[in-house]
């Protein structure tokens, strides 16, 4: 299968991945990408209500739909360019072959007459005019050979240049197709996010405000914990290492500390303890994830916040299981890591899960060994915390 046909097939498959695209196009207003971005920013400044959130999502859907259209147009244009370059290269190849054969014949002819000296020409000529014509012929033949050689060199240079351009366009096409697939995934995720928001709130403003208050409360607790823990600074990439099991991640890691979570402006450094803990569970169970990849998965978070949907979405093919504190030891003995929410103040009253989340990896005497997204891997739980407010695992 040719490169062009292969990419056309990939593009066709990608184009058919989401059946809802056509209906989305019908919803796209006549606004430009910049105007849609401006509208999203303006909506973000409005009072946080269910209707304003839905308006934001609808505008974001329109923006993504427009970006999909632009990508599709670029793909078609790039495919046409590759076709034209292919035809041009074929023509140049044919011309180069023709010129090369002609030059070879001329060189062969010149080689056969190369031993003729001026004395030979003098003896073989009948008069001055004949001599002048023979000398003129030799000079013309040499000049023609030079011109023909230049033509061959130029044709070869153009041929190689067009081949380089075509290869660049092929790489550009590959990237455009990847970008288009990503945009379509985002579009699908945005529609799911809208439907989930409506379902979670029963399309009711009172329910929405209650959930928003709960989200804001937990995220505020996360931020306060980070600040009061004395470990709010960013560390170097993988500065704490991977832990004894190779499954540790820190929310302070420079590779993703400042990355925003979901559609929110909240960073992994400030409120990423839970998603970092879930990433560790995924890594331990063989999934190629990190806090960065989970933060980019907008479907994991409620509305336009960094609050994890509940029950927490599955990871590494395993589903959320809520636990009582009395279940923790049994799960650890069975090889299952346990995520626990802790209280920094020592009281769980009024807390949604806890001020901070860590991963318990094993029982250690009368305490536990933990991976703490803030403090590091393989730490003794009792050296830092005392109160467990909630517990969960993935099975």
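Here are some residues: 262, 243. Which one is on the phi > 0 side of the Ramachandran plot and in contact with a helix residue (DSSP H, G or I) (Cβ under 7 Å, 6 or more places away or on another chain)?
Matching residue, one of 262, 243: 262.
Within the stretch 354-373, is there a residue that is within 26 Å of the chain's Cα centre (by Cα) and not assigned by TED's automatic domain parsing to the domain that holds residue 189?
Looking for residues that are within 26 Å of the chain's Cα centre (by Cα) and not assigned by TED's automatic domain parsing to the domain that holds residue 189, one finds at least one in the stretch 354-373, hence yes.
Which of the residues spanning the stretch 374-395 are in a strand (DSSP E or B) and either in contact (Cβ under 8 Å) with a residue 60 or more places away in the chain or surrounded by 16 or more Cβ atoms within 10 Å (Cβ to Cβ) (or both)?
376, 377, 378, 379, 387, 388, 389, 390, 391, 392, 393, 394
Condition check ((1) assigned to a helix (DSSP H, G or I); (2) in contact with a helix residue (DSSP H, G or I) (Cβ under 8 Å, 6 or more places away or on another chain); (3) farther than 26 Å from residue 199 by Cβ; (4) at pLDDT 90 or above) across all residues:
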| site | (1), (2), (3), (4) |
| --- | --- |
| 37 | yes, yes, yes, no |
| 41 | yes, no, yes, no |
| 52 | yes, yes, no, no |
| 57 | yes, yes, no, no |
| 64 | yes, yes, no, yes |
| 75 | yes, yes, yes, yes |
| 85 | yes, yes, yes, no |
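Within the stretch 244-253, is there a residue that is within 22 Å of the chain's Cα centre (by Cα), surrounded by 14 or more Cβ atoms within 10 Å (Cβ to Cβ) and without any contact (Cβ under 8 Å) to a residue 12 or more places away in the chain?
For the stretch 244-253, residues within 22 Å of the chain's Cα centre (by Cα), surrounded by 14 or more Cβ atoms within 10 Å (Cβ to Cβ) and without any contact (Cβ under 8 Å) to a residue 12 or more places away in the chain: absent.
What are the residues in the stretch 355-373 that are in a loop (DSSP other than H, G, I, E, B) and in contact with a strand residue (DSSP E or B) (Cβ under 8 Å, 6 or more places away or on another chain), if any?
355, 373
The values are calculated or read from the model by the stated rules, or taken from the named source; none is laboratory data. Note that this is a predicted model, so its numbers are computed, not measured. Using ideal geometry, Cβ is built from the backbone for each residue, glycine included, and neighbour counts are taken over all protein chains shown.
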